[in-house]
Amino acid sequence: MTNPHPHTDLDLDAILAKGWVDRTDLSPAEYEQAERFYAAMRAHDGRLVRVRAEASALIEEWTGHTPRDVGSFGTRLNLETSDLDLGIGYPVEQRGVLMKALDGRARFLGERATRFSTTRLVFAFQVDGVEIDLSALTVEDFAVACRMLDQIEQAMSLEERVCHTWVKHRLRTAGRLQEYAAWKLTTYRRFCPEFNWVPIPEKSGS
């Protein structure tokens, strides 16, 4: 989708310094743009729901664990280019079993910190051209993540979602990829501060 948005009153630096965004940070004209953009993102929901269901079924078949959407689509903060991020809780002592189960089915991307004392294993595969990132968290961390996602669902307003997604989009189109990567985590950090939310570097083409 091509939409350069030649005019903007948004003070990205002030919003980044604040660490959050709400309706008061956008002028009425800016918010109208944000609403239109958000509606355009929601137009992709049907396809992504279908892809997510297919990916979830594969993960459950491969691992025996039911995944949950732990990414931006699950919180309705996704862009058109967003991948799907699914998570499962998996016993640490059985991670070798998991590696064998996913061998040849998903690429292993590495082990990443979740809290300061725990890690998750991250894998990737594709369904219908959509990149699926699968995180295998500890059973306890997965339970915490699910509680966080429930809280986001209940507490984050539609206006906040519109504004957050708009800032995310503006950072990306401005080429501010490091700040974009960090901004994606602000919602999780706000609702689940005990996790070690470290930005993953963005590729310019992703």
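The values are calculated or read from the model by the stated rules, or taken from the named source; none is laboratory data. This one's a predicted model, so the numbers in the text were calculated from it and none came from an experiment. Positions of Cβ are generated from backbone atoms using ideal geometry, with glycine treated the same way; all protein chains shown enter the neighbour counts. Calculation scope for accessible area: heavy atoms of the full protein, side chains included, ligands and nucleic acids excluded. Shrake-Rupley method; radii C 1.70, N 1.55, O 1.52, S 1.80 Å.
Regarding the range 36-52, can at least one residue be identified that is out of contact with any Gly (no Cβ under 9 Å at 6 or more places or on another chain), modelled with pLDDT under 95 and over 21 Å from LYS184 (Cα atoms)? There is at least one residue in the range 36-52 that is out of contact with any Gly (no Cβ under 9 Å at 6 or more places or on another chain), modelled with pLDDT under 95 and over 21 Å from LYS184 (Cα atoms).
Number of residues in the range 31-44 that are under 21 Å from GLU153 (Cβ atoms) and in contact (Cβ under 8 Å) with a residue 24 or more places away in the chain: the value is 6. Taking the numbered list (1) at pLDDT 95 or above; (2) out of contact with any strand residue (DSSP E or B) (no Cβ under 6 Å at 6 or more places or on another chain); (3) in a loop (DSSP other than H, G, I, E, B) in turn, PRO4 passes all entries but (1).
Table: residues versus (1) open to solvent by 50 Å² or more (accessible area, probe 1.4 Å); (2) not in a helix (DSSP H, G or I).
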{"site": "GLU54", "(1), (2)": "yes, no"}
{"site": "HIS65", "(1), (2)": "yes, yes"}
{"site": "SER72", "(1), (2)": "no, yes"}
{"site": "THR75", "(1), (2)": "no, yes"}
{"site": "GLU80", "(1), (2)": "yes, yes"}
{"site": "ILE88", "(1), (2)": "no, yes"}
{"site": "VAL97", "(1), (2)": "yes, no"}
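With the structure loaded, tell me whether TYR90 is under 24 Å from SER157 (Cα atoms) and aromatic (Phe, Trp, Tyr) or whether it fails that test.
no
Considering only the range 10-48, state which residues are surrounded by 12 or more Cβ atoms within 10 Å (Cβ to Cβ) and of a type in the set (A, V, I, L, M). Matches in the range 10-48: LEU10, LEU12, ILE15, LEU16, VAL21, LEU26, ALA34, ALA40, MET41, LEU48.
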